[in-house]
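One structure below.
The values are calculated or read from the model by the stated rules, or taken from the named source; none is laboratory data. Because the structure is a prediction, the values reported are computed rather than measured. Note: ideal-geometry Cβ built from the backbone for every residue, glycine included; neighbour counts use all protein chains shown. In case anyone asks, the SASA skips ligands and DNA or RNA and just uses the protein heavy atoms, side chains included. Shrake-Rupley method; radii C 1.70, N 1.55, O 1.52, S 1.80 Å.
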Amino acid sequence: MKIFETSSTNQSQIIPNIFLLGITLIGFTGFLDSVYLTAKRFVGGPIPCFVFTGCDTVAQSPYALLFGVPLSVIGIFYYLSVILLVVFYFETKQQIAMKMFSLLSVVGFLASIYFIYLQAFVIKAFCFYCILSAVTSTTLFILGATIWFQCLQNKEAE
Amino acid sequence: MTEENIADISVKTKKEEKREADRAKAQKRMIKQAILWGITVLIIIGAAAGVVWAVKNGGTASVTTGSIPEVTASDWVRGNENSTVVIVEYSDFQCPACAAYYEVVKKLMDEDFGDKVKFVYRHFPLIETHLTATLAVSASEAAGSQGKFWQMHDKLFENQTTWANNPKAREIFIDYAKELGLNIEEFTKNLDSKEGKEKAINAYKASIKMGLNSTPSFFINGKKIQNPQSYEDFRNIINQSITDNS
């Protein structure tokens, strides 16, 4: 069963707008989340320690950096790319954009698994905004995989 | 003019009309495109700016909590003891944010307000998550009983990453006491005493009872302030208090 309708003229599948809107909104959530973490890092003061939830040891840990660049900054670029690719596809209907999105979402998902592993087993502390990012990137991965297999199915049909 | 010519012209105009219609279509498309991308970019930049602004200005409003206990002789005080501006900090030697604010407060008291402001340090060890915080309280109190509370306070914050959650924390604290030239026998006795531990637990309970839930928490003349986001912010807040009280 196909989720997407096949347009009669060129056999290319049009991804429904509601799907695109969903990806954009989730990407936007991830984007704001990353901006927040980055802003906290650069303009915010030290994050206080709370009685039961402890301190934000995750955001302050050395693992929050990759080659000296804060992960939250990389997150900003990741989610920004997702949004721009989807808007580009919405405008031009060029499938390459959605294929790039699908591939990108795999990278995002694998990165999230690694970050969750770091939080659970290495730092042994969790950070709410990091978990939120893992949730958004996992959702994007599921959407990306769905789109990817729809695109492949379409190729076989041609 | 022959009929053929007229037909020719009408074909030409039809072609031109079509071209013009195409051009208009393309133009419309371009405008649509520009609007779509314009809105996208505006929303992204606007939202990002909003988040940054919220993070930057989130800490300016002052929060009112219940009144805090009066400063007594049993409190650890530095600065001008007679000042009308009194800053009270509830802090935890094992809290990374407290170590970050330690640097700020030290600079403020050393360079700006040493003779203008009275600064009080009170314990609020977050014993639920910070396993060596209790012993650190004992170490500071043990040094305090030999007149070197602030020296030990500085050492604890400056070397927080060394002793925090270190099973050898006790030995490390004894080394600090040696470096400060304290009587080691007396220091060790106080460090291991029940009183030090009880002091930490009681301080924790008292802070929770006051409604505090995080460290560091700062009070200026009994009023809780949101933690300043920078050295400059903190200096401005204190300067404001000095102006208000003079």
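Selection within the range B:29-44: residues that are more than 9 Å from chain A (Cβ to nearest Cβ) and exposed (fewer than 12 other Cβ atoms within 10 Å of the Cβ). The member of this set that is nearest to the chain's Cα centre (by Cα) is B:Leu42. As a summary of the residue check, B:Phe173 satisfies the conditions (1) more than 14 Å from chain A (Cβ to nearest Cβ); (2) under 28 Å from B:Met210 (Cα atoms); (3) out of contact with any Phe, Trp or Tyr (no Cβ under 6 Å at 6 or more places or on another chain); (4) buried (at least 20 other Cβ atoms within 10 Å of the Cβ) except for the one numbered (2). Within the range B:140-163, the set of residues being open to solvent by less than 30 Å² (accessible area, probe 1.4 Å) and within 14 Å of another protein chain (Cβ to nearest Cβ) comprises B:Phe157, B:Gln160. Looking at this structure, is A:Ser7 at pLDDT below 85 and either more than 7 Å from chain B (Cβ to nearest Cβ) or open to solvent by 40 Å² or more (accessible area, probe 1.4 Å) (or both)? Spelling it out, A:Ser7 is indeed at pLDDT below 85 and either more than 7 Å from chain B (Cβ to nearest Cβ) or open to solvent by 40 Å² or more (accessible area, probe 1.4 Å) (or both). Of all residues in the range B:200-246, those that are polar (S, T, N, Q) and within 11 Å of chain A (Cβ to nearest Cβ) total 9.
Out of B:Glu128, B:Glu103, one residue alone is within 14 Å of chain A (Cβ to nearest Cβ), over 18 Å from the mean Cα position of the chain (by Cα), open to solvent by 10 Å² or more (accessible area, probe 1.4 Å) and modelled with pLDDT under 95. It is B:Glu128.
In the range B:106-121, the qualifying residues are those that are in contact with a helix residue (DSSP H, G or I) (Cβ under 7 Å, 6 or more places away or on another chain) and open to solvent by 20 Å² or more (accessible area, probe 1.4 Å), and the one that is nearest to the other protein chains (Cβ to nearest Cβ) is B:Lys107. Of all residues in the range B:209-241, those satisfying the criterion of being open to solvent by 40 Å² or more (accessible area, probe 1.4 Å) and part of a helix (DSSP H, G or I) are B:Lys209, B:Glu232, B:Asp233, B:Arg235, B:Asn236, B:Ile237, B:Asn239, B:Gln240. Residue count for the range A:90-100, restricted to those that are in a helix (DSSP H, G or I) and within 13 Å of chain B (Cβ to nearest Cβ): 3.
Failed condition for A:Thr29, given (1) in contact (Cβ under 8 Å) with a residue 40 or more places away in the chain; (2) buried (at least 22 other Cβ atoms within 10 Å of the Cβ); (3) within 12 Å of chain B (Cβ to nearest Cβ), with all others met? Only one criterion in (1) in contact (Cβ under 8 Å) with a residue 40 or more places away in the chain; (2) buried (at least 22 other Cβ atoms within 10 Å of the Cβ); (3) within 12 Å of chain B (Cβ to nearest Cβ) is unmet by A:Thr29, namely (2).
For (1) away from chain B (no Cβ under 11 Å); (2) modelled with pLDDT under 90, each residue gets a yes or a no:
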residue	(1), (2)
A:Val51	no, yes
A:Phe67	yes, yes
A:Leu71	yes, yes
A:Tyr79	no, no
A:Phe88	no, no
A:Gln150	yes, yes
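Per the listing B:Leu182, B:Leu191, the residue uniquely assigned to a loop (DSSP other than H, G, I, E, B), touching a residue at least 24 places away in the same chain (Cβ under 8 Å) and open to solvent by less than 40 Å² (accessible area, probe 1.4 Å) is B:Leu182.
A Cβ distance below 7 Å, combined with a sequence gap of six or more or placement on separate chains, defines the contacts here; from the range B:151-167, residues that are at pLDDT 95 or above reach residues that are among the aliphatic types (A, V, I, L, M) and not in a helix (DSSP H, G or I) in the pairs B:Gln151/B:Leu180; B:Met152/B:Leu180.
The one condition from (1) within 14 Å of A:Leu20 (Cβ to Cβ); (2) at pLDDT below 85 that A:Gln119 does not meet is (1). The single residue among B:Val88, B:Val137, B:Val77 that is part of a strand (DSSP E or B), open to solvent by less than 10 Å² (accessible area, probe 1.4 Å) and of a type in the set (A, V, I, L, M) turns out to be B:Val88.
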